Amino acid sequence: MKQLSVEHLLGIKYLKNTDIDLIFETADQFKKVINRPIKKVPSLRDITIANLFFENSTRTKLSFELAEKRLSADILNFSASQSSLKKGETLIDTVNNILAMKVDIIVMRHGNVGAGVFLSKHVDAKIINAGDGTHEHPTQALLDSYSIREKLGKVKGKKILIVGDVLHSRVALSNIFALQLQGATVKVCGPTTLIPKYIKSLGVEIETDLKKALEWCDVANVLRVQHERMDINYFPSTREYTQLYGINQEILDRIGKKIVIMHPGPINRGVEITSEVADSSDSIILDQVENGVAIRMAVIYLLAQQIKR
Ligand code: NCD
């Protein structure tokens with residue numbers, strides 16, 4: 001049986017192209033499962049998974065939970081607001097206490113960059129990074145590439161535009177790594193203040209003119225403006241942001257070609273994207289959500305295969 005080259009899923013930057021192929025092949029099988037009347041397989045009946053969400057989440061948390069249930073794993077759910085972290089316990093102590101209850105896999109979202117890597121060095125469990133601060137969100141990038149492959153047949157050779165708040169986005173960085181690994185070209189577009197200085201060193205071009213950027217691409221992945229991560233003003237007003245970088249039907253009609261529209265959610269309707277575009281037939285936003293479950297099932301299943309039982 002084919003195996004992943006990594007012991008944990010901490011970031012796309014640790015993966016090889018063959019890992020992505022294996023995850024996609026496995027997700028293809030699980031996508032069939034979740035579209036059957038009985039949407040479950042007994043594969044992980046002997047595995048226990050703890051979902052540790054130290055940061056808020058809706059779809060990622062639900063998607064992981066559902067993926068685990070579809071694989072018949074036992075699940076523990078934990079969110080920071082109800083935890084003993086507020087009483088002064090360290091992350092390692094919290095996790096070791098959970099592991100003492102015989103947990104095999106930890107899915108963790110955490111506000112600190114590198115939290116997953118840190119944990120993987122200090123505890124004895126498989127770690128899946130469900131988002132670490134502004135750093136990486138590997139399962140989101142995998143489901144995004146998988147959705148592009150499903151819609152356009154392949155990722156290789158495609159031109160992918162990431163629009164918006166790249167600076168605060170873990171989705172952007174993981175997408176850049178994943179898309180480049182698969183042979184796509186990536187450009188970013190947004191206000192200069194929301195484009196990190198290091199972006200060019202990753203081989204990613206910047207286009208500040210939205211119309212030109214849209215004319216170039218096959219796919220536009222639109223990011224949310226992450227107000228909660230902003231301690232200063234990065235642009236004069238939300239209205240101006242929307243005028244310059246918001247995706248609406250009018251600009252899409254003006255570019256004179258069809259492009260695929262994506263968004264990781266949650267959407268700020270009327271800010272970075274209009275409802276008309278988000279709900280249009282060019283949008284694959286809800287396919288992304290459906291594929292998220294299959295991708296997460298694949299990642300969990302493949303990591304669980306490495307556990308000695
Ligand atoms: C993203 C996240 O949390 O990084 N959402 C998600 O996981 N689907 C993006 C965001 O919050 O805007």
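Remark: pairs (first residue in the range 151-174, in the same structural domain as Asn112 (by TED's automatic domain parsing); second residue crowded, with 21+ Cβ neighbours inside 10 Å; Cβ separation under 9 Å; 6+ apart in sequence or on different chains) are absent. Restricting attention to the range 239-258, the residues that are open to solvent by less than 10 Å² (accessible area, probe 1.4 Å) and either in contact with a helix residue (DSSP H, G or I) (Cβ under 8 Å, 6 or more places away or on another chain) or among the aliphatic types (A, V, I, L, M) (or both) total 1. Applying a threshold of 6 Å to beta carbon distances and a minimum spacing of six or more residues, or different chains, the list of pairs starting in the range 59-76 at a residue that is more than 18 Å from Asn35 (Cβ to Cβ) and touching a residue at least 40 places away in the same chain (Cβ under 8 Å) and ending at one that is within 10 Å of the ligand (Cβ to nearest atom) and in a loop (DSSP other than H, G, I, E, B) reads Arg59/Gly265. Look at the range 252-270: where a residue is assigned by TED's automatic domain parsing to the domain that holds Ala172 and in contact (Cβ under 8 Å) with a residue 60 or more places away in the chain and a partner is within 9 Å of the ligand (Cβ to nearest atom) and part of a helix (DSSP H, G or I), sitting 6+ places away or on another chain with Cβ atoms under 8 Å, you get Met262/Gln288; Pro264/Gln140; Pro264/Val171; Pro264/Gln288; Gly265/Arg59; Gly265/Gln288; Gly265/Val289; Pro266/Arg59. Looking only at residues in the range 123-165 that are at positive phi and crowded, with 24+ Cβ neighbours inside 10 Å, the one that is nearest to the ligand (Cβ to nearest atom) is Gly131.
Only one residue in Arg309, Arg296 is among the charged types (D, E, K, R), in contact (Cβ under 8 Å) with a residue 12 or more places away in the chain, out of contact with any His (no Cβ under 8 Å at 6 or more places or on another chain) and not in a helix (DSSP H, G or I), so which one is that?
Arg309
Of the residues contained in the range 282-298, one or more are found to be more than 16 Å from the ligand (Cβ to nearest atom) and more than 18 Å from the chain's Cα centre (by Cα). Only helices (runs of 4 or more DSSP H) whose full extent lies in the range 198-272 are considered here, and the ones with at least 1 residues that are within 15 Å of the ligand (Cβ to nearest atom) are 238-245.
Could you look through the range 94-114, keep only residues that are away from the ligand (no atom under 14 Å from the Cβ) and open to solvent by less than 30 Å² (accessible area, probe 1.4 Å), and pick out the one that is farthest from Met297 (Cα to Cα)? In this case the residue turns out to be Thr94.
Restricting attention to the range 14-52, the residues that are open to solvent by 40 Å² or more (accessible area, probe 1.4 Å), in contact (Cβ under 8 Å) with a residue 60 or more places away in the chain and either closer than 16 Å to Leu66 by Cβ or not assigned by TED's automatic domain parsing to the domain that holds Val95 (or both) total 1. Checked against (1) open to solvent by 10 Å² or more (accessible area, probe 1.4 Å); (2) farther than 20 Å from His110 by Cα, Arg59 passes all but a single condition, namely (2).
Residue pairs whose Cβ atoms lie under 8 Å apart, separated by 6 or more positions or on different chains, with the first residue in the range 120-149 and more than 20 Å from Ala294 (Cα to Cα) and of a type in the set (A, V, I, L, M) and the second in a helix (DSSP H, G or I) and more than 16 Å from the ligand (Cβ to nearest atom), are Val123/Ile92; Val123/Val95; Val123/Asn96; Val123/Leu99; Ala125/Val95; Ala125/Leu99.
Of all residues in the range 176-197, which are within 16 Å of the ligand (Cβ to nearest atom) and either in a helix (DSSP H, G or I) or touching a residue at least 60 places away in the same chain (Cβ under 8 Å) (or both)?
If the condition is that a residue be within 16 Å of the ligand (Cβ to nearest atom) and either in a helix (DSSP H, G or I) or touching a residue at least 60 places away in the same chain (Cβ under 8 Å) (or both), then Ile176, Phe177, Ala178, Leu194 are the ones that fit.
I need the full set of residues from the range 273-284 which are part of a helix (DSSP H, G or I) and either open to solvent by less than 20 Å² (accessible area, probe 1.4 Å) or at pLDDT below 95 (or both), in order please. Scanning the range 273-284 gives Val277, Ala278.
The values are calculated or read from the model by the stated rules, or taken from the named source; none is laboratory data. Treat the numbers as computed from the prediction; the structure is a model and nothing was measured. Cβ atoms come from the backbone with ideal geometry, glycine included; neighbour counts cover every protein chain shown. The accessibility values were calculated without ligands, DNA or RNA, using every heavy atom of the protein model including side chains. Shrake-Rupley method; radii C 1.70, N 1.55, O 1.52, S 1.80 Å.
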